[in-house]
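The values are calculated or read from the model by the stated rules, or taken from the named source; none is laboratory data. Here the structure is a predicted model, which is why all the values come from computation and not from measurement. All Cβ positions, glycine included, derive from the backbone under ideal geometry; neighbour counts span all protein chains shown. We work out accessible area using only protein heavy atoms, side chains counted, and drop any ligands, DNA or RNA first. Shrake-Rupley method; radii C 1.70, N 1.55, O 1.52, S 1.80 Å.
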Amino acid sequence: MNKVTITDGNVMYNFLIDKWKCLLGNNSIEKHKIKQLIKLYFNPVKSEYRIENNLKPKILIDGKELNNKSTFYIEISDKFSLNEECKLGSKSILLKYFERKLEDYSYFDTINTIDILFQSLIEELNEEDSFKLEFDSLSSKILLKILKPYFALEEQMDEYDLSLEELIIQQIKIIEYIQEKDHSIEKYFIYVDSKIISKQIINELNSLKNSIILINDTIWKEQYELKDIVLMEDTILDCADFDLMYGYFGENNGELLTLKEVNNKIMKYIKHFYKGNKIDLINDINKHSL
């Protein structure tokens, strides 16, 4: 496990992470603060307030500062818009996806042929004309200005045709492709903020390489092991810190418990209070309105 420290010199959060960590609980204030510190570390804009109070965000891995230049930060979110991504804006993850795709050596001959054809067209257009045209050699950036991406399985689809789970999985697959093709990125820091974290989503996240993943959730899932959970309430408890957990819960009515018993005790609590039972709305209203 790696010890991940997120701090600005005023507050500090320490998590023991194998590959991913679930921030499980209802303390939205602390969760928001963690997310803001992460975003600020990868986009180090300055404010007078932070300068005056000497607040400087840092992310450390086992005590060593993470290199935010060689680390790719990305949020996987319910708010992801396929329609907007297909416009290939400067902050679009699809832009990075297609840049890596077009740089693939297997497309070199085809792109070179297109380049030759364009140069030939320019020469013809310039014949016996006072107004001349120039054409820069094709690059991935030039190609992406004239290409229009869209999403399709068997038919063209957009974000309104995908389930929430499918939308999350497609984002993971984009990151997986970038990881495969872009060897300049040493590590990926990923924040998952979704109302649905299914078993398939966890399986897809586990396929990502060189990644530190934080998952925001309020409901316990069967795929969450104790070591993968941080309880986020009035107190923040990293369930992977077994020494800390044993210090808090290793005694029950004067009787010392084994580590296994402590773990079972914590997991029993988690399963009870974060179970997220479905509500039988009609039946419940009828029972409580008498």
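General observations
- Computed [θ] at 222 nm, deg cm²/dmol, the chain (DSSP H ≥ 4; -39,500 (n - 2.57); rounded to nearest 500): -12000 deg cm²/dmol
- Computed E for VAL45/THR218 - FRET, C-beta separation, R0 35 angstrom, nearest 0.05: 0.70
- Calculated log₁₀ intensity ratio I(q)/I(0) where the Debye formula runs over C-alpha points of the stretch 48-184, q = 0.09, 0.12, 0.17, 0.19 Å⁻¹: -0.47, -0.73, -1.06, -1.17
- Assigned charges on the beta-carbon of Lys, Arg, Asp, Glu; the chain dipole about Cα centre (debye): 1340
- Loop exposure criterion: GluC sites (Glu not before Pro), DSSP state outside H, G, I, E and B, at most 15 other Cβ atoms within 10 Å. Applied to the chain, the longest stretch between such sites is 1-102.
- Environment charge of ASN53, counting only residues whose C-beta is closer than 14 Å and scoring Lys/Arg +1, Asp/Glu -1: 0
- Note on LYS271 and ILE29: the model spin-label points, each 7 Å out from Cα along the C-beta direction, lie 3.3 nm apart.
- With both labels modelled 7 Å from their Cα along Cα-to-Cβ, the ASP109 to GLU166 distance reads 3.6 nm.
- Taking a sphere under 14 Å around the Cβ of LYS181 and counting the other residues whose Cβ falls inside, with K and R at +1 and D and E at -1, yields a net charge of -1.
- Look at the dipole of the stretch 86-158 built from charges on Cβ: of SER140, LEU153, ASN112, the Cα furthest out on the positive end belongs to LEU153.
- Over the stretch 86-158: Kirkwood hydrodynamic radius from C-alpha pairwise inverse distances, Å: 14.4
- Placing a label point 7 Å from the Cα of SER184 along the Cα-to-Cβ line, the residues of the stretch 69-90 whose backbone N sits under 12 Å from it are 70-71.
- Each of (i) 1.10; (ii) 1.01; (iii) 0.99 is a candidate for Rg/Rh (Cα atoms, Kirkwood Rh); the one calculated from this structure is (i).
- Neighbourhood charge, 15 Å Cβ-Cβ cut-off, centred on HIS272 and excluding it, Lys, Arg +1 and Asp, Glu -1: +3
- Exposed-site-free run, longest, the chain (rule: trypsin sites (Lys or Arg not before Pro); DSSP loop; at most 16 other C-beta within 10 Å): 210-274
- Taking each of LYS58/LYS227; LYS265/LYS287; LYS199/LYS278 in turn, the alpha-carbon distance tops 30 angstrom for LYS265/LYS287.
- For the stretch 1-93: relative contact order, % (alpha-carbon pairs under 8 angstrom, 6 or more apart): 33
- Percent accessible area from carbon and sulfur atoms, the chain, protein chains only, probe 1.4 Å: 50
- Accessible surface, the chain, averaged per residue in Å² (probe 1.4 Å): 65
- Normalised contact order of the chain, rounded percent, pairs of Cα under 8 Å and 6 or more residues apart: 25
- Relative contact order of the stretch 86-158, pairs being alpha-carbon contacts under 8 Å that are 6 or more residues apart, as %: 33
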